[in-house]
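Asker: Before we start, here is the structure in question, set down as structure tokens.
The values are calculated or read from the model by the stated rules, or taken from the named source; none is laboratory data. Remember, predicted model here, so these are calculated numbers, not experimental data. Counting neighbours? That spans all protein chains shown, and the Cβs are built from the backbone with ideal geometry, glycine included.
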Amino acid sequence: MDVSLDVRQGEWLSVVGPSGAGKTTLLRLIAGLDRPNRGTIRIGQRDVTALPPQDRDVGLAPQRPALYPHLNVRENLAIGLNLRPASARPSKSEIRQRVEEAAELLSIVPLLAHWPHQLSGGEQQRVMLGRLLVRRPALWLLDEPYSHLDLPLRKQLQHDILLLRERFLPTIIFVTHDPVEALTSGDRLAVLLRGRVRQVGPPAAVLAQPASSEVAGHLGWPPMNLTTGVLIRSDATASALQFAAADGAFRLPMPAELVTHGAEGQPVTVGVRPEALRLLSDSPADAGDLIVLPNWEVRRVESLPPAPLVFVGCGRQEWSLWWHGKDAPRAGSKLALGVNRDALHWFGGHDGKRVQIGA
């Protein structure tokens, strides 16, 4: 891994990346369960790189709940305090008070005498969060806490964590493989791909201005439609460059005076988000200022909330878009796509980095 991150006190940082990107490893390094082979880890003003986990003031809620099977819920909640040295351990009455407060906040009071094998997945996750509340660390590390829960439990736990954050004001590092979850959680978003942080910023800003085609293809659902091609001239005397898909399926106009990067023959990737596309008749008369891409075929339609998701193809290209009309088109229909010039994203074909084309 090659990661450099700065998380502010009281901030919620969401880290998103696919399986194998290094998300859990990052949390284990911060928690002290793994040691880095280079670099430092600082919490507040302290260099904690060599400190054991118990001396870092960090709480980790792992992806799969790890409860002690021989302890009931009350004892599992208190374990973090009971294992402290006697000189640093709160009194029995304070431990009991913290356990009961955490159980009340998480609605698990009736479960205090239960054993872990008697709990559902959602209840076990609540107990793991309860451990954090009882210990009250300054830094919470949440490793995909919703991934094994069904939708109602997921929504409830999300709500619980937000309420707990308002009350206890911890610093939170939350990791997930779900781009929608990442974009709707936290103050800032870090995109972690193949062990490196590719972009950090407010979620809305990262979504609107992805730093690379790799980031663009990972964020949002469905992800951005991406096609690689080259810059060409429409004829020998033309002053404007066009984008041509590699398989020749379609072209996009691109005035040469707006190109601030590359030249004719330069490989380029164009991206457009599904929500920015419109389906038009194959010979549209009402496209207005939209760029029209003809000769697309509807390949399949998936009936999803909030609207049907339509997959269209042209040559070897397949793009997706949301359908907001009355009746979704049928597979095999021949249609055109409409897109606003400002909705197009451009990335270098060699390095995949964002290219600012246009004003």
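Asker: For residues in the stretch 322-350 being at negative phi and free of Cβ contacts under 8 Å to residues at least 40 places away in the same chain, which is surrounded by the fewest Cβ atoms within 10 Å (Cβ to Cβ)? Before you say what the answer is, go through the steps one by one.
Answerer: Taking the stretch 322-350 as the starting set, the residues that turn out to be at negative phi are 322-331, 333-350.
Now drop any that are not free of Cβ contacts under 8 Å to residues at least 40 places away in the same chain, which leaves 324, 326-328, 330-331, 333, 342.
Numbers: His324: 12, Lys326: 5, Asp327: 7, Ala328: 18, Arg330: 9, Ala331: 12, Ser333: 16, Asp342: 9.
It comes out as Lys326.
Asker: Limited to the stretch 37-66, what total is found for residues that are in a strand (DSSP E or B) and loosely packed, with under 13 Cβ neighbours inside 10 Å? Before you say what the answer is, go through the steps one by one.
Answerer: Taking the stretch 37-66 and keeping what is in a strand (DSSP E or B), we get 42-43, 46-47, 58-61.
Those left that are additionally loosely packed, with under 13 Cβ neighbours inside 10 Å: 42, 46-47.
Count: 3.
Asker: Within the stretch 56-65, identify whether any single residue is at pLDDT 95 or above and farther than 24 Å from Leu149 by Cβ, and answer yes or no.
Answerer: Looking through the stretch 56-65, none of the residues is at pLDDT 95 or above and farther than 24 Å from Leu149 by Cβ.
Asker: Looking at the stretch 34-53 only, could you name the residues that are modelled with pLDDT under 95, within 29 Å of Glu166 (Cα to Cα) and in contact with a Leu (Cβ under 8 Å, 6 or more places away or on another chain)?
Answerer: Within the stretch 34-53, Ile43, Pro53 qualify.
Asker: Select from the stretch 96-118 the residues that are among the aliphatic types (A, V, I, L, M) and at pLDDT below 95 and list them in ascending order. Please lay out each step first, then the result.
Answerer: Looking only at the stretch 96-118, we keep the residues that are among the aliphatic types (A, V, I, L, M), and these are 99, 102-103, 105-106, 108-109, 111-113.
The answer is Ala102, Ala103, Leu105, Leu106, Ile108.
Asker: List every residue pair whose Cβ atoms lie under 7 Å apart, where the two residues are 6 or more positions apart in sequence or sit on different chains, the first residue falls within the stretch 155-173 and is closer than 23 Å to Val16 by Cβ, and the second residue, located anywhere, is of a type in the set (Gly, Ala, Ser) and part of a helix (DSSP H, G or I).
Answerer: Filtered contacts from the stretch 155-173: Leu157/Gly122.
Asker: If you don't mind, another one. Which one is farthest from the chain's Cα centre (by Cα), of the residues in the stretch 132-144 that are farther than 15 Å from Ala31 by Cα and buried (at least 22 other Cβ atoms within 10 Å of the Cβ)? Walk me through how you get there before you give the answer.
Answerer: Our first condition is that a residue be farther than 15 Å from Ala31 by Cα; within the stretch 132-144, this holds for 133-134, 144.
Right, trim to buried (at least 22 other Cβ atoms within 10 Å of the Cβ) and you get 133-134.
Details: Leu133: 25, Val134: 29 Å.
Checked the stretch 132-144; the qualifying residue farthest from the chain's Cα centre (by Cα) is Val134.
Asker: Any residue in the stretch 193-216 that's closer than 18 Å to Thr228 by Cα: show its pairings with residues that are at pLDDT below 95 and among the aromatic types (Phe, Trp, Tyr) at Cβ separation under 8 Å, as long as the two are six or more apart or on different chains.
Answerer: Here the result reads Ser212/Phe347; Ser213/Phe347; Ala216/Phe347, each pair linking the stretch 193-216 to a residue that is at pLDDT below 95 and among the aromatic types (Phe, Trp, Tyr).
Asker: Which of the strands (runs of 3 or more DSSP E) contained wholly in the stretch 261-355 include at least 2 residues that are of a type outside the set (A, V, I, L, M, F, W, C) and under 27 Å from Arg198 (Cβ atoms)? Lay out the reasoning, then the answer.
Answerer: On the way: elements: 267-272, 277-280, 291-302, 309-314, 317-322, 334-339, 345-348.
Qualifying strands (runs of 3 or more DSSP E): 267-272, 317-322, 345-348.
Asker: Please tell me if Val215 is closer than 30 Å to Val272 by Cβ and modelled with pLDDT of 95 or more. Even if it seems obvious, please write down each step before you answer.
Answerer: Values: closer than 30 Å to Val272 by Cβ: yes; modelled with pLDDT of 95 or more: yes.
In short, yes.
Asker: Does the stretch 145-165 contain any residue that is at pLDDT below 95, of a type in the set (Gly, Ala, Ser) and either crowded, with 19+ Cβ neighbours inside 10 Å or closer than 18 Å to Val99 by Cα (or both)? It would help to see each step written out before you state the result.
Answerer: Narrowing the stretch 145-165 to residues at pLDDT below 95: 145-165.
Retained after the next criterion (residues that are of a type in the set (Gly, Ala, Ser)): 147.
Those still in the list that are either crowded, with 19+ Cβ neighbours inside 10 Å or closer than 18 Å to Val99 by Cα (or both) too: none.
No, every residue in the stretch 145-165 fails to be at pLDDT below 95, of a type in the set (Gly, Ala, Ser) and either crowded, with 19+ Cβ neighbours inside 10 Å or closer than 18 Å to Val99 by Cα (or both).
Asker: Considering Glu94, Glu75, Glu100, which residue is outside any loop (DSSP other than H, G, I, E, B), surrounded by fewer than 15 Cβ atoms within 10 Å (Cβ to Cβ) and at negative phi? Let's see the steps before the verdict.
Answerer: Numbers: Glu75 fails: surrounded by fewer than 15 Cβ atoms within 10 Å (Cβ to Cβ); Glu100 fails: surrounded by fewer than 15 Cβ atoms within 10 Å (Cβ to Cβ).
None of the other options fit; the residue is Glu94.
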